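Here the structure is laid out as structure tokens; the discussion comes afterwards.
The values are calculated or read from the model by the stated rules, or taken from the named source; none is laboratory data. All values reported here derive from a predicted model rather than from experimental measurement. Here the Cβ positions follow ideal geometry from the backbone for every residue, glycine too, while neighbour counts run over all protein chains shown. To get the accessible areas, we keep the full protein, side chains included, count just its heavy atoms, and leave off ligands, DNA and RNA. Shrake-Rupley method; radii C 1.70, N 1.55, O 1.52, S 1.80 Å.
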Amino acid sequence: MNKARGKVGAVRALGAMSGTSLDGVDAAVVETDGRQILRFGDSAYRPYTEGERKLLRAALGKWSGPEVHAAEDLVTRAHAELLSEFEDVELIGFHGQTLAHEPRGKGTLQVGDGEGLAVALGVPVVWDFRSDDVAMGGEGAPLAPFFHFACAKYVGATAPLCFLNLGGVGNLTYVDPSFDGPEAPGALLAFDTGPANAPIDDLVQARLGLPMDRDGALARQGTVETGALELFLAEPYFNRLPPKSLDRNDFAEMIGLVKELSDADAVATLTGMSAAGVVQGMEHCPRSPARVLVTGGGRKNPVLMEMLRVAMDCPVDPVEAVGLDGDMLEAQAFAYLAVRVARGMPTSCPGTTGVKALVGGGTVSRVSQGAPR
């Protein structure tokens, strides 16, 4: 029997995330009953090598072909290496690596063999979290909001607040913790704000061979080109009402807007664009939040954080300010969501992905069956 389904109380679940920043695999344990977070457990990180990042970059935007197969093999192997380090785990939530996301077109593609992981690790694996949501008319993203709601309850929040994830793409979750559960209309609103770290990383990689603008060092030396910023904000995406989502490469033309600028000015401008997308997105919040809690790699960029603080009329802090782990929050989210899927609970709703009805997306691969449910 699947322990997560048969057990009434808390489950010790392990979540894993490989994000659009392509930096590596995060893994973290959460003890949860699928509603409340009872305890956060151990975590670990497995970085991708430069060669592995190059292989993944070659597969971005592709739906099939040898590059996609190579990426899937890499993602599965890297996760197996990292997840095998954990003991006494009852269930695994495996997100995989997003290569392409076109919810109003071809769908969404996260590579990684969840069935193979279940067999290799001897633990049931929940995977392919997004496809059911997209099939029912949703955006398939963002998927962390139900977990963000649980986090707001965990830290004792009483007033509306926002969780802002600044990974490769930025996404925002508005949480009203006065509601009993995340499914309630008005409890959540979530959407992608725009590109975050991805275009900055791509530019410094192409120009300087660096993986990122560490500590915002280049951005601090540059000046934001306001003309390029205005062109960026004129994109139709920003006029769309949420829920809405993006693919990592949807704003690839951002690089073109800054191609004539110096390295420092180009990075400063891309950083300004990332902040501006968030500020635009805040206008969609039903009520002014009491604070914004930032997770993901962008919270470590002091220039980006300062831009957000200057532009907003509420405190903007890293999630560590309330005792959460901004490096592991997404991995923890998929541990939490895995328990919900295994117990037949919804993982997204109209307010988070625009899906037509509550949906619990995900495939469960059980060790005894060796095949998805």
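(1) on the phi > 0 side of the Ramachandran plot; (2) open to solvent by 40 Å² or more (accessible area, probe 1.4 Å): which one isn't true of Asp265, the others all being true?
(1)
I'd like the full set of residues that are in contact with a Cys (Cβ under 9 Å, 6 or more places away or on another chain) and closer than 30 Å to Gly272 by Cα, limited to segment 167-186.
Once the filter is applied, which keeps residues that are in contact with a Cys (Cβ under 9 Å, 6 or more places away or on another chain) and closer than 30 Å to Gly272 by Cα, segment 167-186 yields Leu172, Thr173, Tyr174, Val175.
Just to check your reading of the model, which residue among Glu139, Glu115 is charged (D, E, K, R) and under 30 Å from Asp213 (Cβ atoms)?
That would be Glu139, the only listed residue that is charged (D, E, K, R) and under 30 Å from Asp213 (Cβ atoms).
For segment 196-221, give me each residue that is open to solvent by less than 10 Å² (accessible area, probe 1.4 Å) and under 17 Å from Leu164 (Cβ atoms).
Hits for segment 196-221 are Ala196, Ala198, Ile200, Gly216.
With (1) open to solvent by 30 Å² or more (accessible area, probe 1.4 Å); (2) within 13 Å of Leu166 (Cα to Cα); (3) modelled with pLDDT under 95 as the list, and Gly296 as the residue in question, which single condition is left unmet?
Every listed condition holds for Gly296 apart from (1).
Is there any pair linking a residue in segment 37-66 that is without any contact (Cβ under 8 Å) to a residue 40 or more places away in the chain to one that is of a type in the set (D, E, K, R), with Cβ under 6 Å and at least six apart or on different chains, and which?
What qualifies is Leu38/Glu31; Arg39/Glu31; Ala58/Glu67.
Residue-wise test of (1) under 25 Å from Arg12 (Cβ atoms); (2) touching a Phe, Trp or Tyr at 6+ places or on another chain (Cβ under 9 Å); (3) of a type in the set (A, V, I, L, M); (4) free of Cβ contacts under 8 Å to residues at least 12 places away in the same chain.
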position: Arg130; (1), (2), (3), (4): yes, no, no, no
position: Met136; (1), (2), (3), (4): no, no, yes, no
position: Ser178; (1), (2), (3), (4): no, no, no, no
position: Glu183; (1), (2), (3), (4): yes, yes, no, no
position: Asp192; (1), (2), (3), (4): no, yes, no, no
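Name the residues in segment 273-316 that are of a type outside the set (Lys, Arg), touching a Leu at 6+ places or on another chain (Cβ under 6 Å) and over 12 Å from Ala196 (Cβ atoms), would you?
Of everything in segment 273-316, those that are of a type outside the set (Lys, Arg), touching a Leu at 6+ places or on another chain (Cβ under 6 Å) and over 12 Å from Ala196 (Cβ atoms) turn out to be Pro289, Ala290, Val292, Val316.
Mind counting the residues in segment 34-74 that are out of contact with any strand residue (DSSP E or B) (no Cβ under 7 Å at 6 or more places or on another chain), farther than 26 Å from Leu203 by Cβ and surrounded by 12 or more Cβ atoms within 10 Å (Cβ to Cβ)?
The total comes to 5.
Output yes when any residue across segment 347-369 is among the hydrophobic types (A, V, I, L, M, F, W, C), assigned to a loop (DSSP other than H, G, I, E, B), in contact with a Gly (Cβ under 6 Å, 6 or more places away or on another chain) and within 27 Å of Ala44 (Cα to Cα), and no when none is.
If we filter segment 347-369 for residues that are among the hydrophobic types (A, V, I, L, M, F, W, C), which is where we start, we get 349, 355, 357-359, 364, 367.
From what's left, assigned to a loop (DSSP other than H, G, I, E, B): 349, 355, 357-358, 367.
Still in the list and also in contact with a Gly (Cβ under 6 Å, 6 or more places away or on another chain): 355, 367.
Keeping just the survivors that are within 27 Å of Ala44 (Cα to Cα) gives 367.
Yes, there is a match, as at least one residue in segment 347-369 is among the hydrophobic types (A, V, I, L, M, F, W, C), assigned to a loop (DSSP other than H, G, I, E, B), in contact with a Gly (Cβ under 6 Å, 6 or more places away or on another chain) and within 27 Å of Ala44 (Cα to Cα).
Consider segment 299-325. How many of its residues are in contact with a strand residue (DSSP E or B) (Cβ under 8 Å, 6 or more places away or on another chain) and either closer than 16 Å to Val175 by Cβ or at pLDDT below 95 (or both)?
Counting residues in segment 299-325 that are in contact with a strand residue (DSSP E or B) (Cβ under 8 Å, 6 or more places away or on another chain) and either closer than 16 Å to Val175 by Cβ or at pLDDT below 95 (or both) gives 8.
So Thr271 clears everything in (1) touching a Pro at 6+ places or on another chain (Cβ under 8 Å); (2) open to solvent by less than 10 Å² (accessible area, probe 1.4 Å) except one condition, right? Which one?
The failed condition is (1).
Does Ala187 fit the bill of being closer than 10 Å to Val267 by Cα, buried (at least 21 other Cβ atoms within 10 Å of the Cβ) and in contact (Cβ under 8 Å) with a residue 60 or more places away in the chain?
No: the conditions fail for Ala187.
Among Glu283, Glu330, Glu320, which is open to solvent by 30 Å² or more (accessible area, probe 1.4 Å), in contact (Cβ under 8 Å) with a residue 40 or more places away in the chain and out of contact with any Phe, Trp or Tyr (no Cβ under 8 Å at 6 or more places or on another chain)?
One residue alone meets the criteria, Glu330.
Which number in (1) without any contact (Cβ under 8 Å) to a residue 24 or more places away in the chain; (2) part of a loop (DSSP other than H, G, I, E, B) marks the one condition that Asp313 misses?
Single failed check for Asp313: (1).
Here are Arg77, Arg104: which of them is modelled with pLDDT under 95, over 18 Å from Thr363 (Cα atoms) and surrounded by fewer than 24 Cβ atoms within 10 Å (Cβ to Cβ)?
Arg104
Could you tell me whether Thr352 is crowded, with 21+ Cβ neighbours inside 10 Å and touching an Asp or Glu at 6+ places or on another chain (Cβ under 7 Å)?
no
Of all the residues that make up segment 74-97, how many are farther than 29 Å from Gly138 by Cβ and outside any loop (DSSP other than H, G, I, E, B)?
4
What are the residues in segment 316-329 that are in contact with an Asp or Glu (Cβ under 8 Å, 6 or more places away or on another chain) and either over 16 Å from Leu166 (Cα atoms) or part of a helix (DSSP H, G or I) (or both), if any?
Val319
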